[in-house]
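J.: One structure follows; several queries about it will come next.
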Amino acid sequence: MAKFSYTAVTKDGKTIQGTAEAINKEALVSLLSKQGVRPLVVKASSGKFSLDISLGRGKKVKLKDLVIFTRQLSTMVSAGVPLIRSLSTLQSQTSNKYFKQVLAGVSKDIEGGAALGDSFAKYPNVFSEVYVNMVRAGEAGGILDEILKRLASQVEQDSSIRKKIKSAMTYPIVILSITVIAFFGIMLFVIPKIGDILKDLGGEDAELPIYTKAMLSLSDFMQSNAIILLVVGFGTVYILRRYFKTPKGKFVLHTLLLKTPVLKTIITKIAIARFARTFASLMSSGVSVLDALEVTGGAIGNKVIEAELREAAKEVRNGKQLSEPISNSKHFPPIVPQMLAIGEETGQIDTILIKVADFYEEEVEVVIDGLSSIIEPVMIVVLGSMVGLIAASVMGPIASLSKNI
């Protein structure tokens with residue numbers, strides 16, 4: 001825990017100052033906001049805690065650690081172990097130092113009388129909005145152990161999908177990186193020497209194939225502007241990364257991803273699976289449809305589909321069944337609104353949507369496995385084409401000039 005000093009405005013307009021302890025700045029801002037106080041300035045207090053703040057900022061908890069924590073907390077709560085004792089035990093067992101600090105802060109809040117969901121909400125980089133709202137629903141309905149079991153399963157499903165995607169993308173990313181590095185190395189160091197050899201063999205006026213001239217011209221350009229190209233390249237990447245972190249940039253990026261062949265299929269199926277499982281879990285926990293839609297939209301991970309769910313929520317607020325606006329979606333396939341309609345008629349939306357989630361998670365696995373088998377030959381063809389082009393650009397004129405000699 002670190003100490004902060006703050007200046008804030010109360011509901012009646014009074015300006016107050018004070019100090020408080022929190023895991024980080026964001027956690028303190030969240031706490032003050034929940035108390036009805038609007039923070040104006042929050043600064044880390046000087047002293048031994050300053051170093052901890054700079055080192056702890058931006059740290060996150062691995063999904064694996066969160067899965068283990070959720071599963072174990074569910075088991076202990078089901079067994080009747082007091083919440084504070086459960087958190088203390090799990091804090092001592094975790095090997096993640098940052099997570100230890102988070103659990104220490106949660107335990108302190110619980111001892112002070114705070115609700116578990118409210119305490120989790122102070123650490124948005126560890127516990128997502130969906131996680132927090134489901135815990136709150138479990139506390140309100142007296143079914144915290146059941147909610148934690150569902151959460152553990154949900155987090156495990158997300159972890160499994162992420163692992164599969166990372167596994168599928170590791171090979172092409174490594175090959176692509178090696179290809180780019182090799183291309184720049186050849187253009188900057190190998191091609192210029194080959195150009196000198198060609199000039200020595202055929203003279204300055206030697207006739208070279210058009211693709212060889214293009215290769216030599218590109219090499220000369222890259223040599224002459226290497227620093228500029230590096231600055232522009234890194235600058236472009238930096239600007240794009242900053243832009244894509246903004247709400248507008250995220251929307252643009254997600255729109256482009258949903259128009260990219262192959263990727264759009266994977267992203268759409270993952271989004272539908274997350275929607276179905278999260279919405280079903282919230283509905284079974286007693287959360288209202290509108291609240292469940294709001295929370296689920298933020299959990300999908302795609303701003304375009306999230307915007308569609310916001311529009312759907314407006315129509316639901318006006319009295320329509322959820323299946324109606326979902327049926328007009330550009331990204332939800334017809335089976336989803338059809339299953340929703342059946343669930344609305346039978347009163348078993350959560351059960352039916354769990355089946356939809358299972359189906360699409362299996363679909364994601366099939367698509368990712370298929371993508372993995374396709375990527376390898378595609379990358380081999382790309383690498384072979386690049387090597388063949390360079391070889392033809394070099395060996396063709398050398399053989400021709402050798403005959404003339």
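J.: Taking residue 125 and the conditions (1) crowded, with 20+ Cβ neighbours inside 10 Å; (2) not in a helix (DSSP H, G or I); (3) not hydrophobic (A, V, I, L, M, F, W, C), which numbered condition does it fall short on, given that it satisfies the others?
T.: Answer for residue 125: the failing condition is (1).
J.: Residues that are surrounded by fewer than 23 Cβ atoms within 10 Å (Cβ to Cβ), at pLDDT below 85 and among the charged types (D, E, K, R): does the stretch 288-295 have at least one?
T.: Yes, the conditions are met somewhere in the stretch 288-295.
J.: Still on this structure, please answer the following. Of the residues in the stretch 304-337, how many are under 21 Å from the mean Cα position of the chain (by Cα) and either part of a loop (DSSP other than H, G, I, E, B) or hydrophobic (A, V, I, L, M, F, W, C) (or both)?
T.: As a first pass, look at the stretch 304-337 and keep what is under 21 Å from the mean Cα position of the chain (by Cα): 304-310, 331-332.
Okay, now just the ones that are also either part of a loop (DSSP other than H, G, I, E, B) or hydrophobic (A, V, I, L, M, F, W, C) (or both), so 304-305, 307, 309, 331-332.
Qualifying residue count, the stretch 304-337: 6.
J.: Let me ask another. Whether any residue in the stretch 371-393 is in contact (Cβ under 8 Å) with a residue 12 or more places away in the chain, under 26 Å from the mean Cα position of the chain (by Cα), assigned to a loop (DSSP other than H, G, I, E, B) and assigned by TED's automatic domain parsing to the domain that holds residue 165 is what I want to check.
T.: Checked the stretch 371-393: no residue is in contact (Cβ under 8 Å) with a residue 12 or more places away in the chain, under 26 Å from the mean Cα position of the chain (by Cα), assigned to a loop (DSSP other than H, G, I, E, B) and assigned by TED's automatic domain parsing to the domain that holds residue 165.
J.: Return the residues of the stretch 379-405 that are surrounded by 12 or more Cβ atoms within 10 Å (Cβ to Cβ) and at pLDDT 80 or above; say none if nothing qualifies.
T.: The answer is none; no residue qualifies.
J.: Further question: Checking residue 51 against (1) of a type outside the set (S, T, N, Q); (2) modelled with pLDDT under 75; (3) within 22 Å of residue 112 (Cα to Cα); (4) assigned to a helix (DSSP H, G or I), which single condition isn't satisfied?
T.: Answer for residue 51: the failing condition is (3).
The values are calculated or read from the model by the stated rules, or taken from the named source; none is laboratory data. Since the model is a prediction, treat every value here as computed from it, not as a measurement. Don't worry about glycine lacking a Cβ; one is built from the backbone with ideal geometry, like all the others, and counts go over all protein chains shown.
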